1. Hey, can you tell me all the residues within region 229-244 that are at pLDDT 85 or above and not aliphatic (A, V, I, L, M)?
2. In region 415-445, what residues are part of a loop (DSSP other than H, G, I, E, B) and without any contact (Cβ under 8 Å) to a residue 12 or more places away in the chain?
3. Taking the stated definitions as given, is Tyr100 closer than 28 Å to Ala316 by Cα, of a type in the set (Phe, Trp, Tyr) and in a helix (DSSP H, G or I)?
4. Select from region 135-145 the residues that are under 20 Å from Phe321 (Cβ atoms) and either assigned to a loop (DSSP other than H, G, I, E, B) or modelled with pLDDT of 75 or more (or both) and list them in ascending order.
5. Answer with yes or no whether Trp132 is among the aromatic types (Phe, Trp, Tyr), at pLDDT 90 or above and at negative phi.
6. Looking only at region 52-97, how many residues end up being touching a Lys or Arg at 6+ places or on another chain (Cβ under 8 Å) and either at negative phi or free of Cβ contacts under 8 Å to residues at least 12 places away in the same chain (or both)?
7. Suppose the filter is part of a helix (DSSP H, G or I), at pLDDT below 90 and of a type in the set (A, V, I, L, M); does Ala370 pass it?
8. Name the one entry in Leu108, Leu177, Leu172 that is out of contact with any Cys (no Cβ under 9 Å at 6 or more places or on another chain), at negative phi and surrounded by fewer than 19 Cβ atoms within 10 Å (Cβ to Cβ).
Amino acid sequence: MPTVKQLFRRKPVPEMSAESGADTGGSELARSIGLFQLSMFGVGATIGTGIFFVLSQAVPVAGPAVIISFVIAGTVAGLTAVCYAELASAVPVSGSSYSYAYATLGELPAVGVAACLLLEYGVSAAAVAVGWSEYINALVDNLFGVALPDSLSQAPEQGGVFNLPAVLLVLLCTLLLIRGTSESAKTNAIMVLIKITVLLMFIVIGIGGWNSANLEPFAPFGLAGITSAAGIIFFSYIGLDAVSTAGEEVKDPRRTLPLAILIALVVVTTLYIAVSVVAVAAQKYTDFEGQEAGLAAILEDVTGSSWPGTVLAAGAVISIFSVTLVVIYGQTRILFAMSRDGMLPELFHKVNPRTLTPVPNTIIVAVVIALLAGLIPINFLAEMTSIGTLVAFLVVSIGVMVLRRTHPELPRGFKVPFYPVTPVLSIAGSLWIILDLRAVTIWVFLIWVSVALVWYFLYGFKHSHLGRHEHVGLIHD
């Protein structure tokens, strides 16, 4: 039986940095991503369908004070983002929170975090692909009056046979990722700029419908409504951590990683707050409940025309494509880091010598996600991504404090301001939202993590590269 010391053995940060070539400029993967492209990774993974549709859920709960809810949710996300920024600059490797947990908390907690990341990235990729299928179908119907039959656009449980558009989206993203990281980053940057333009269009046109009377009463449901809406809105900020999965493909990672996280945070928060202000000023808060495609409906009222609905549907289609691309990318890099550590078979660590991308890893991830997206309605699994993400956030905030104590000498391109208050508040914010989730979600999550730990005891512990080092040390002794 493994000892407690073995279960919580930590991977030395200098060894991680050496593997990734953080200080030498070398890496098993191609270092081709600059600051702008990496910032767009963060924005692309965060701005999904959430902002296009979350107002219809949040405004009926908070009223016009939903503006404050966006600020609160952005603050909680921001607290975690700055924790990610410090760890990314101190441990600039692939693997995101998995690698940070390995360096600060130990091997067993790292595997538990990896299970969380599989939910956040793998399952959410399938969920958003299903969403993309709905919007692409609606857009094609609006433009050409043609729609795919339910048999080819719904999962079996929903009366269909196979969700073809969802699978095609995963295929397109996979082809881009196999082609090369640089090409994927450029494509993502273009799509992100388009969806930012769509949101700016909403702000500029929507402000023409400003009516101060719509802002009264400002907080009809009091503080309870504001905080409840903040919990709903928080999930529109998930995705900022995707930046940290690119640690080994970034130029000058100790500087670029934290800067990209902070830039993405500022861009996303500014856009979200501006959109919410314009939306509640242009439409009475009582009209949001049950409203589908709320932003489109507001612009149609302001302009008296139906074209905004088509434009915003196109924006949602591009938005989801961008999210899916970055999320699949993030999943493959986490599995890449785990395989290098011996937690998964070596196949996930193999890199194509020409493109310097983990091709077998990417294909396996794509097949699994495509099957989920094509055959299963993802509603409940989408909720599971939330708790996986929040637990990963918790670990990162704890990791900042542990690394400050165990490795104060490490070079850091960024340091969390107001330490230790900031990580403590980040932990409190994540716990607050977790406790607001349904009990069944928490129980299923615990079962899922237990399955991952069984895998660790059956495979990971025996194949751990750290364990091999220990064994060699015992032989030498």
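The values are calculated or read from the model by the stated rules, or taken from the named source; none is laboratory data. Remember, it's a predicted structure, so these values are computed and weren't measured experimentally. All Cβ positions, even for glycine, are placed from backbone atoms using ideal geometry, and neighbour counts span all protein chains on display.
1. Ser244 - this is the single residue of region 229-244 that is at pLDDT 85 or above and not aliphatic (A, V, I, L, M).
2. Within region 415-445, Phe418, Leu435 meet the criteria.
3. Here the answer is no, as Tyr100 does not meet what is asked.
4. Of everything in region 135-145, those that are under 20 Å from Phe321 (Cβ atoms) and either assigned to a loop (DSSP other than H, G, I, E, B) or modelled with pLDDT of 75 or more (or both) turn out to be Tyr135, Ile136, Asn137, Leu139, Val140, Asp141, Leu143, Phe144.
5. Here the answer is no, as Trp132 does not meet what is asked.
6. 5
7. So Ala370 passes the test.
8. The conditions single out Leu172.
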